[in-house]
Amino acid sequence: MKCPFDMKRIFFLTAALALLASGCKKPMPGIPVTDISVSPTEATMKEGGDPIHLNRTVTWQSSDTKVATVADGTVTAVSEGSATITASAGGKTATCRITVLAGFKAVDMGLSVQWANMDLGAAEAGDYGRYYAWGEVEADRGSYDQDTYKWGDYSSLSKYLPFTYNGRQDEKALLDEEDDAAHAELGGEWRMPTSEEVSELFATLEDGNYSWSVTEINGHVCRKITYLVNGNSILLPFSGYKFRNAAPEAGSRHVSWAADCVASSPYMSYVMNSFQSATRAGDLKEGASSQFRWYACTIRPVKGARRIPLSSLTIESTDVAVAENATFTPKVSIWPDNAADKTLKWESGDPEVASVDANGTVTAHKSGYTTIQCRHGALWSSFNLEVAPFGYGIYVKNELGWDKIWLVARIIDHSPFTGTPGLEPAGERDGYLFFPLDVSLMDQELRYKFINDKGGSTSEFRKANYSKQVIYQTLSK
């Protein structure tokens, strides 16, 4: 396994006692110590790096054991910071100032995975890491475009095709371990994050347990995310990306790869995305956006068990009309079935027109228009909703030149039915009434009344066999 950072310099410090005879390994009994020194007087170490071995004939002490410890003459880096190592003998002292730089490590940010404190290949926190095309393990190989991409160009992709694309499909949306640069480099549970995990990190923007800021370290401007519960933080340097031989947006935007491609557009893969110029939550919440696979981005590894992400979700209805007070639950198709997390978050564009609960059940409140959306990480799907005044149906339009149109109504009870004059049910089957519509009336948008005068209860209408559009409506008792 390769070292995830450049090999550090190893400093060997020695405490020199002025009274020592040549070749003697410890002070001679009865002769006082007249001088002591440590050389060099400063040293730099890395977290997790090799220890520094010091002369064991001296008493040693660290000013901050949370930064560096010393025992039996061996100095060990513990965490980022500075500490003074003091050598003592015969009433004489000498010191060495130790500066510990952050090494590559996993950081507990209170999330489902631990995030690395720096990009893959970075020498220290804040530095730009190495650049990779998505699904390649070779870094910084020069020009990046379709002609140099390992898995083919836009029209001839050979791998990671969740659905049929240009006649090919392998049902893969998540990188295999051998194509995951973070796992290939670091091994164990280290890997590239999924778009779900990127979205989870960016959701902390609206969580009071986290702070977001822009800072500069080692000459690079970075996005800093701090978990206030334990004080841990990570830095996302604005390293941009590479296309051909150029590096657009370096210094202004952080772009690093996620491990899954966009199922509906497999030539695109998800990235973690943050702009330095962002000034509001909506800008930063881009979080998991997408990028062409053959571009080169950095990689921010995570550590944790490999989980299969949800790669596709679709609400089967695109346009829905309901009467006031109607309720319904739209059907959602998701893929793959074995995704580790299938949680959906529902939102209404205008809750006063229609609200939606955590289970996706929509309740219409007053006439108007809104959009109902469900979201999972970077995935989303939505449909348009019209709420009609109570007692009315929907607009019906003969845009496709249909020669026959039916409305189908689920029967609530068998009380007398009052509808639009001339619109009578043609029959009943399996608990449904069938209403034929006069095609001559379809040249303009028309509204049909389906409510009698005695009250209301929920039913359902749809265009039979002619559209995927599901139309919900109310019949009355």
Q. With respect to the numbered conditions (1) surrounded by 14 or more Cβ atoms within 10 Å (Cβ to Cβ); (2) modelled with pLDDT under 75; (3) not small (Gly, Ala, Ser), which one is the sole condition not fulfilled by ILE31?
A. (1)
Q. Residue check: is ALA87 hydrophobic (A, V, I, L, M, F, W, C), more than 29 Å from the chain's Cα centre (by Cα) and either open to solvent by 20 Å² or more (accessible area, probe 1.4 Å) or within 17 Å of SER63 (Cα to Cα) (or both)?
A. yes
Q | Scope the range 352-363; condition in contact (Cβ under 8 Å) with a residue 12 or more places away in the chain and either open to solvent by 40 Å² or more (accessible area, probe 1.4 Å) or closer than 17 Å to VAL332 by Cα (or both); matching residues | A | GLU352, VAL356, ALA358, ASN359, GLY360, THR361, VAL362, THR363
Q. Can you name every residue in the range 286-296 that is at pLDDT below 95 and of a type outside the set (Gly, Ala, Ser)?
A. GLU286, GLN291
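Having 1 or more residues that are touching a residue at least 40 places away in the same chain (Cβ under 8 Å) and open to solvent by 10 Å² or more (accessible area, probe 1.4 Å) is the bar; report the strands (runs of 3 or more DSSP E) wholly within the range 287-349 that clear it. If you could, list the steps in order and put the result at the bottom.
Details: elements: 288-292, 312-315, 319-323, 332-335, 345-348.
It comes to 288-292, 312-315, 319-323, 332-335.
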Q. Which pairs do you get when a residue that is over 26 Å from VAL107 (Cβ atoms), found in the range 70-87, comes within reach of a residue that is open to solvent by 50 Å² or more (accessible area, probe 1.4 Å) and among the small types (Gly, Ala, Ser), reach meaning Cβ atoms under 9 angstrom, with the pair 6+ apart or on two chains?
A. THR84/SER63; ILE85/SER63; THR86/SER63; ALA87/SER37
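Can you pull out the residues in the range 166-186 that are part of a loop (DSSP other than H, G, I, E, B) and open to solvent by 20 Å² or more (accessible area, probe 1.4 Å)? Even if it seems obvious, please write down each step before you answer.
Restricting attention to the range 166-186, the residues satisfying the condition of being part of a loop (DSSP other than H, G, I, E, B) are 166-167, 169-173, 175-176, 180.
Those that are part of a loop (DSSP other than H, G, I, E, B) and open to solvent by 20 Å² or more (accessible area, probe 1.4 Å): ASN166, GLY167, GLN169, ASP170, GLU171, LYS172, ASP176.
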Q.
With the requirement that a residue be of a type in the set (S, T, N, Q) and free of Cβ contacts under 8 Å to residues at least 24 places away in the same chain, what does the range 186-219 give you?
A. SER211, SER213, THR215
Q.
Could you list, ordered by first residue, the pairs with Cβ atoms under 7 Å in which the first is in the range 110-121 and in contact (Cβ under 8 Å) with a residue 60 or more places away in the chain and the second is of a type in the set (Gly, Ala, Ser) and open to solvent by 20 Å² or more (accessible area, probe 1.4 Å), at least 6 apart or interchain?
A. GLN114/ALA106; ALA116/ALA106; GLY121/ALA139
Q: Name the single residue, out of those in the range 97-130 being part of a strand (DSSP E or B) and closer than 30 Å to VAL58 by Cα, that is most open to solvent (accessible area, probe 1.4 Å).
A: ARG97
Q: Check GLY135, GLY188, GLY142, GLY152 and return the single one that is under 25 Å from ILE334 (Cα atoms) and not acidic (Asp, Glu).
A: GLY135
Q | Hey, ASN232 open to solvent by 50 Å² or more (accessible area, probe 1.4 Å), more than 15 Å from the chain's Cα centre (by Cα), closer than 19 Å to ALA106 by Cα and among the polar types (S, T, N, Q) or not | A | yes
Q: Can you work out which of the residues in the range 191-226 that are open to solvent by 50 Å² or more (accessible area, probe 1.4 Å) and within 14 Å of the chain's Cα centre (by Cα) is modelled with the lowest pLDDT?
A: ALA203
Q: Just give me the residues in the range 55-96 being more than 30 Å from ASN117 (Cα to Cα), assigned to a loop (DSSP other than H, G, I, E, B), out of contact with any Gly (no Cβ under 6 Å at 6 or more places or on another chain) and of a type in the set (D, E, K, R), in sequence order.
A: ASP72
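The values are calculated or read from the model by the stated rules, or taken from the named source; none is laboratory data. Computed from a prediction, not measured in an experiment: that's the story for all the values here. All Cβ positions, glycine included, derive from the backbone under ideal geometry; neighbour counts span all protein chains shown. Just the protein is used for accessible areas: all its heavy atoms, side chains included, with ligands, DNA and RNA removed. Shrake-Rupley method; radii C 1.70, N 1.55, O 1.52, S 1.80 Å.
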